[in-house]
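Student: Take this structure first; my questions come after.
Just so it is clear, none of the values below were taken in a lab; they were calculated from the coordinates. As the structure is a computational prediction, the values presented were derived from the model and not from experiment. With ideal geometry, Cβ positions are generated from the backbone for all residues, glycine too; neighbour counts draw on all protein chains shown.
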Amino acid sequence: MSTDTHAPFEDKPETPRATGELIRLERVTKRFGDHTVLDNLDFSVDAGKHVTLIGPSGSGKTTILRLLMTLLKPDEGVITVDGQQLFPAPEKQVREVRKKIGMVFQQFNLFPNMTVLRNITEAPVTVLGMSKDAAEERARELLEMVGLTDHLDKHPAQLSGGQQQRVAIARALAMRPQVLLLDEVTSALDPELVAGVLDVLRDIARSTDITMLCVTHEMNFARDISDQVLMFDSGRVIEAGSPEKIFNEPEHDRTREFLSAVL
Amino acid sequence: MTWDWGAVADFMPYFWDGLWVTLQILVFGSLISFALGLVWALLMRAPTRWVTWPVGGVTEFIRNTPLLVQLFFLFYVLPEWGITFSALTTGVFAIGLHYSTYTMQVYRAGIEAVPVGQWEAATALNLPLRRTWTVVILPQAVRRVVPALGNYVISMLKDTPLLMAITVLEMLGQARLFAQQNFQFTEPLTVIGVAFIVISYLASLALRALERRLVH
């Protein structure tokens with residue numbers, strides 16, 4: 001039994017859970033002007049795994065998450081999620097594949113004109129066609145899990161950054177994604193609020209079979225939750241392995257330099 | 001020159017008629033400019049030049065030609081093509097159309113001021129484009145632009161006397177009519193001057209109340 005304070009959380013996926021390889025990037029290249037952010041990258045993630053991307057800023061970690069969320073388009077290459085192509089693909093297929101993916105942003109990006117409850121229920125009702133009652137019941141469960149049951153009628157501006165980020169996590173999970181993309185989700189928080197958000201994420205990592213792709217500078221958190229850690233440098237994966245291997249016995253000089261700078 | 005309260009009393013029936021017409025121009029002109037301005041702003045975001053060039057050209061033309069010329073054009077030229085409306089309807093449409101070319105710029109700024117993260121969150125939640133506009137972007141954009149739209153309402157109020165030129169008897173038209181019949185200018189012109197100040201003050205109070213309501 002877990003001894004944490006959060007309510008136990010069980011999750012049924014919106015789409016059937018895949019096994020084996022879930023995400024695949026093949027020869028993906030992304031350039032911004034003359035700058036090549038991702039250089040002919042091959043990369044795959046198995047279903048249910050928790051993968052952390054580390055590396056210096058500008059090394060392309062966040063770009064991978066943004067490509068998977070279709071916020072960016074690659075210049076070259078193929079992206080596949082759960083056997084269906086996300087790029088290149090027609091808009092209708094993109095919408096279908098995107099249902100499997102949820103994202104939590106560095107800046108939370110809650111809708112300031114909606115209450116906490118409505119932030120969470122809006123997409124399940126309009127995109128998944130859930131009834132309002134069912135969506136609200138699920139939102140309450142999720143808010144209980146992130147410890148914010150008392151705040152469901154508030155607006156985001158009335159919450160602290162840490163509380164907003166926990167709402168954003170609940171909002172992403174309300175869509176029952178197979179993959180959760182976490183883009184430096186604690187970087188914009190005051191130091192004393194970081195632990196609460198990371199506890200929620202540890203809880204999700206432990207109690208669900210959701211696949212997580214995580215860009216973070218919280219190395220202890222990465223060590224705790226990751227099945228695999230990928231070290232990025234200049235748009236390439238220069239080293240990959242279990243957290244024990246990467247953090248304790250890094251092979252690459254660049255990895256050693258990076259870790260000694262952040263740890 | 002002496003002030004004659006008797007003339008003020010005599011002017012009052014004319015004044016109420018004029019006030020009623022001025023308020024109609026202001027209310028319906030504002031509504032038209034708010035609605036059309038939003039339409040122009042959204043059309044200017046269309047992905048094809050076949051939409052943005054004509055809309056941009058026409059609105060630029062309307063914004064940069066005098067309202068008085070547009071009033072004359074709609075009132076005297078359209079009937080030659082068999083299109084006839086009452087002077088008041090023509091005037092309301094002209095002033096609403098003219099001001100919509102200003103409000104479109106206000107809306108554009110309001111839409112562009114919504115942080116890009118809001119669009120990204122909507123995409124991440126797979127919200128359809130239409131839903132993204134109606135429940136995420138526009139509510140936030142409109143909230144930001146209410147003060148600027150309010151300024152154009154006050155501006156429009158001050159342009160309503162132009163409709164006198166196409167025979168609409170709003171406040172100034174009634175004052176002139178009364179003055180020419182009675183050779184008393186001071187009282188009617190003073191009364192409508194005060195009325196303009198009172199209306200703009202009340203309008204600004206109403207807009208401030210609306211702004212406060214929109215904070216949440």
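Student: With surrounded by 18 or more Cβ atoms within 10 Å (Cβ to Cβ), over 24 Å from residue B:167 (Cβ atoms), of a type outside the set (Ser, Thr, Tyr) and touching a residue at least 60 places away in the same chain (Cβ under 8 Å) as the only criterion, which of B:92, B:106 stands out?
Tutor: B:106
Student: Here's another thing I want to ask about it. Residue A:153 fails exactly one of the following numbered conditions: (1) within 12 Å of another protein chain (Cβ to nearest Cβ); (2) over 30 Å from residue A:46 (Cβ atoms); (3) in a helix (DSSP H, G or I). What is the number of that condition?
Tutor: If we test residue A:153 against (1) within 12 Å of another protein chain (Cβ to nearest Cβ); (2) over 30 Å from residue A:46 (Cβ atoms); (3) in a helix (DSSP H, G or I), just (3) comes out false.
Student: Then there's this: Take the range A:169-184 and flag every residue that is buried (at least 24 other Cβ atoms within 10 Å of the Cβ) and basic (Lys, Arg).
Tutor: A:171 - this is the single residue of the range A:169-184 that is buried (at least 24 other Cβ atoms within 10 Å of the Cβ) and basic (Lys, Arg).
Student: Now for a separate question. Among the residues in the range A:127-150, are any buried (at least 17 other Cβ atoms within 10 Å of the Cβ) and either under 21 Å from residue B:116 (Cβ atoms) or within 12 Å of chain B (Cβ to nearest Cβ) (or both)?
Tutor: Taking every residue of the range A:127-150 in turn, at least one turns out to be buried (at least 17 other Cβ atoms within 10 Å of the Cβ) and either under 21 Å from residue B:116 (Cβ atoms) or within 12 Å of chain B (Cβ to nearest Cβ) (or both).
Student: If you don't mind, another one. Wholly within the range B:73-183, which helices (runs of 4 or more DSSP H) include no fewer than the required count, namely at least 2 residues that are farther than 30 Å from residue B:8 by Cβ and under 16 Å from the mean Cα position of the chain (by Cα)?
Tutor: Those helices (runs of 4 or more DSSP H) span B:87-112, B:138-159.
Residues checked against (1) facing chain B (nearest Cβ under 9 Å); (2) among the polar types (S, T, N, Q); (3) over 21 Å from residue A:185 (Cβ atoms); (4) surrounded by fewer than 18 Cβ atoms within 10 Å (Cβ to Cβ):
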| site | (1), (2), (3), (4) |
| --- | --- |
| A:61 | no, no, no, no |
| A:76 | no, no, yes, yes |
| A:88 | no, no, yes, yes |
| A:93 | no, yes, yes, yes |
| A:111 | yes, no, no, no |
| A:116 | no, no, no, no |
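Student: Of all residues in the range B:1-44 being without any contact (Cβ under 8 Å) to a residue 12 or more places away in the chain and either buried (at least 20 other Cβ atoms within 10 Å of the Cβ) or of a type outside the set (A, V, I, L, M, F, W, C) (or both), which is nearest to residue B:90 (Cα to Cα)?
Tutor: Among residues in the range B:1-44 that are without any contact (Cβ under 8 Å) to a residue 12 or more places away in the chain and either buried (at least 20 other Cβ atoms within 10 Å of the Cβ) or of a type outside the set (A, V, I, L, M, F, W, C) (or both), the one nearest to residue B:90 (Cα to Cα) is B:13.
Student: Restricting to the range A:187-206, name every residue that is farther than 30 Å from residue A:96 by Cβ and surrounded by 24 or more Cβ atoms within 10 Å (Cβ to Cβ).
Tutor: Listed by number, the list holds a single entry, A:197.
Student: Give the number of residues within the range A:209-263 that are surrounded by fewer than 17 Cβ atoms within 10 Å (Cβ to Cβ) and in contact with a Gly (Cβ under 7 Å, 6 or more places away or on another chain).
Tutor: Final tally of qualifying residues: 1.
Student: Evaluate the range A:176-198: report whether one residue or more is closer than 19 Å to residue B:121 by Cβ, outside any helix (DSSP H, G or I), more than 14 Å from chain B (Cβ to nearest Cβ) and touching a helix residue (DSSP H, G or I) at 6+ places or on another chain (Cβ under 8 Å).
Tutor: Yes; the residues of the range A:176-198 include at least one that is closer than 19 Å to residue B:121 by Cβ, outside any helix (DSSP H, G or I), more than 14 Å from chain B (Cβ to nearest Cβ) and touching a helix residue (DSSP H, G or I) at 6+ places or on another chain (Cβ under 8 Å).
Student: Right, something else. I'd like to know if the range A:162-172 contains one or more residues that are among the hydrophobic types (A, V, I, L, M, F, W, C) and either away from chain B (no Cβ under 14 Å) or more than 23 Å from residue A:100 (Cβ to Cβ) (or both). Can you show your working first?
Tutor: Let us first name the residues in the range A:162-172 that are among the hydrophobic types (A, V, I, L, M, F, W, C), namely A:167-170, A:172.
Checking which are either away from chain B (no Cβ under 14 Å) or more than 23 Å from residue A:100 (Cβ to Cβ) (or both) leaves us with none.
Looking for residues that are among the hydrophobic types (A, V, I, L, M, F, W, C) and either away from chain B (no Cβ under 14 Å) or more than 23 Å from residue A:100 (Cβ to Cβ) (or both), one finds none in the range A:162-172, hence no.
Student: Additional query: I'd like to verify a number: residues in the range A:95-109 that are at the interface with another protein chain (Cβ under 8 Å from one of its Cβ atoms) and without any contact (Cβ under 8 Å) to a residue 24 or more places away in the chain, how many?
Tutor: 1
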